[in-house]
C-alpha cells in the first residue's frame, strides 16, 4: 500500500509504511539522475538497493552499490544516491529518528537548483 507518492526531478518516492518511530520509502532514481547532496538533523536512514546500479556519496566518500547493497546514513551525515546504470535505480529507505518531515533536508548541492525542501 502506498501512503504518499511524490514526483521529483530525479524520479519519485513512495511512503509505504510509517509509525511514530520510523518511516519507510521506496525511492526510484531514473537513469543519469541523482538526489541532492544533503543531510538531516533529526533522522538517520538505512538503504537497501533492490534494482539497478548506483554510487552513494557519504561525507565526500563514494561507494559503488548494486542489488543487495546496504548503506547506513547516520544523523548529520552528508549523503547522495546517484544512478550510474542503464535502468532505474530502486532502493528501500528506512528512516529512524524523532522527525520525518521533508523540511528536515539541508541541501548542500542540488542539480535542479532547489534549496531547502
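The values are calculated or read from the model by the stated rules, or taken from the named source; none is laboratory data. Since this is a predicted model, take the numbers as computed values, not measurements. A quick note on method: Cβ atoms are made from the backbone with ideal geometry, for glycine too, and the neighbour counts reach across all protein chains shown.
What pairs come out if I take residues in the stretch 12-28 that are within 11 Å of residue 92 (Cβ to Cβ) and pair them with residues that are buried (at least 18 other Cβ atoms within 10 Å of the Cβ) and modelled with pLDDT under 95 whose C-beta lies under 6 Å away, six or more apart or interchain?
none
Considering each residue of the stretch 56-70, count those that are in a loop (DSSP other than H, G, I, E, B) and more than 24 Å from residue 112 (Cα to Cα), and give that number.
4
Give the residues of the stretch 27-41 that are surrounded by 15 or more Cβ atoms within 10 Å (Cβ to Cβ) and closer than 13 Å to residue 81 by Cα, sorted by residue number.
27, 28, 29, 30, 33, 34, 35, 36, 37, 38, 39
Being free of Cβ contacts under 8 Å to residues at least 40 places away in the same chain and part of a strand (DSSP E or B) is the filter here; which residues of the stretch 71-91 pass it?
71, 72, 73
Counting only residues that are within 20 Å of residue 80 (Cβ to Cβ) and assigned to a strand (DSSP E or B), how many does the stretch 1-12 have?
Of the residues in that region, 5 qualify.
When residues of the stretch 78-100 are filtered for being closer than 20 Å to residue 66 by Cα and surrounded by 14 or more Cβ atoms within 10 Å (Cβ to Cβ), how many remain?
14
Say whether the condition of being within 20 Å of residue 101 (Cβ to Cβ) and touching a residue at least 24 places away in the same chain (Cβ under 8 Å) is met by at least one residue in the stretch 53-70.
Scanning the stretch 53-70, I find no residue that is within 20 Å of residue 101 (Cβ to Cβ) and touching a residue at least 24 places away in the same chain (Cβ under 8 Å), so the answer is no.
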